[in-house]
2 protein chains.
Amino acid sequence: MAPPIVSADVFLAVAEPRRRQILDLLREGERAVGELVERLGLAQPQVSKHLRVLKEVGLVCARKAGQRRLYSVQGAELRRVHEWVSQYERYWEHQLDRVKERAERETRRRGAGNKPGGKP
Amino acid sequence: MAPPIVSADVFLAVAEPRRRQILDLLREGERAVGELVERLGLAQPQVSKHLRVLKEVGLVCARKAGQRRLYSVQGAELRRVHEWVSQYERYWEHQLDRVKERAERETRRRGAGNKPGGKP
DNA sequence: TTGATCTATGCCGATATCAGCATATATTGA
DNA sequence: TCAATATATGCTGATATCGGCATAGATCAA
């Protein structure tokens, strides 16, 4: 994986399932690369590359411990994602309201959908 | 944009800035493709393609109104994103705690970081 | 210093994605 | 039926991304 130049974007970083997995593992606490490799069943270089992407967007940080690097979550950047997606809460909360709204849309479609009364 | 075969994934769908823009516009209410084109300053085919992706992951739905298609948000799928990212709330809430934790890590690093007392 | 371990980087090929352009497919109205 | 409008789809080239593999760099132990 060549040095990610463009993708300094949290949304993109998190769109990768493996990277979400890595973050989920790190939520348990600091982990060395080797431990992540073991638990992900992924090759070591791939894990290092994903970690690099995560580091570049500020989602993880690393500290040296002997010959190992211990990575941990630095999740502040996820706040942007949380704030964005939270704007859509009303679309899954109050599921009953959604059903109702859907029904209304149905009605509208059948009733005044094309044109109020104008049909061949 | 060829028919997206693989990317039936909400995280990926939402990783695209334009698609988030589209959703944000649709949050104001139903919109026809043409209106989105106008407000996004993007070419019509591109908008249609992004809408298709959003539709395939269930983030929007369309209804016919004359020769136009009115798209609206169907945000229930975003719940998955919200739930995932919410697991990381502690990383940006209580900023003071974070500072404290960071300080502790610093201490650990300096104190017992490499090896308790073993240093050239 | 030498060798072993742990991690990062570089290169490769396959695939996906995006924008741009042309064009096909409705749908409406004359 | 024919033209106009609105939207969808197909094709193309440029770029990004991912995994696999080899290897470089760092650190520790003897």
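In the range B:70-88, the residues that are free of Cβ contacts under 8 Å to residues at least 60 places away in the same chain form Cβ pairs under 7 Å with partners that are within 16 Å of DNA strand D (Cβ to nearest atom) and of a type in the set (Asp, Glu), at six or more places apart or across chains, as follows: B:Leu70/B:Glu30; B:Tyr71/B:Glu30; B:Ser72/B:Glu30. Within the range B:39-83, the set of residues being near DNA strand D (Cβ under 10 Å from one of its atoms), assigned to a loop (DSSP other than H, G, I, E, B) and within 14 Å of another protein chain (Cβ to nearest Cβ) comprises B:Gly66, B:Gln67. Consider the range B:23-38 and keep the residues that are assigned to a helix (DSSP H, G or I) and either in contact (Cβ under 8 Å) with a residue 40 or more places away in the chain or exposed (fewer than 15 other Cβ atoms within 10 Å of the Cβ) (or both). The one that is farthest from DNA strand D (Cβ to nearest atom) is B:Asp24. Summed over the range B:58-73, the residues that are under 15 Å from A:Trp92 (Cβ atoms) and crowded, with 21+ Cβ neighbours inside 10 Å give a count of 3.
Examine the range B:100-113 for a residue that is surrounded by 17 or more Cβ atoms within 10 Å (Cβ to Cβ) and either modelled with pLDDT of 95 or more or under 27 Å from A:Asp24 (Cα atoms) (or both), and state whether such a residue exists. Before the answer, list the steps.
First pass over the range B:100-113, keeping only residues surrounded by 17 or more Cβ atoms within 10 Å (Cβ to Cβ): B:113.
If we keep only those that are either modelled with pLDDT of 95 or more or under 27 Å from A:Asp24 (Cα atoms) (or both) as well, we get B:113.
Among the residues of the range B:100-113, at least one is surrounded by 17 or more Cβ atoms within 10 Å (Cβ to Cβ) and either modelled with pLDDT of 95 or more or under 27 Å from A:Asp24 (Cα atoms) (or both), which makes the answer yes.
Looking at A:Val85, A:Val53, which one is at pLDDT 95 or above and over 19 Å from B:Arg79 (Cα atoms)?
Working: A:Val85 fails: over 19 Å from B:Arg79 (Cα atoms).
It is A:Val53.
The values are calculated or read from the model by the stated rules, or taken from the named source; none is laboratory data. This one's a predicted model, so the numbers in the text were calculated from it and none came from an experiment. For neighbour counting, all protein chains shown are included, and Cβ atoms are generated from backbone atoms with ideal geometry for every residue, glycine included.
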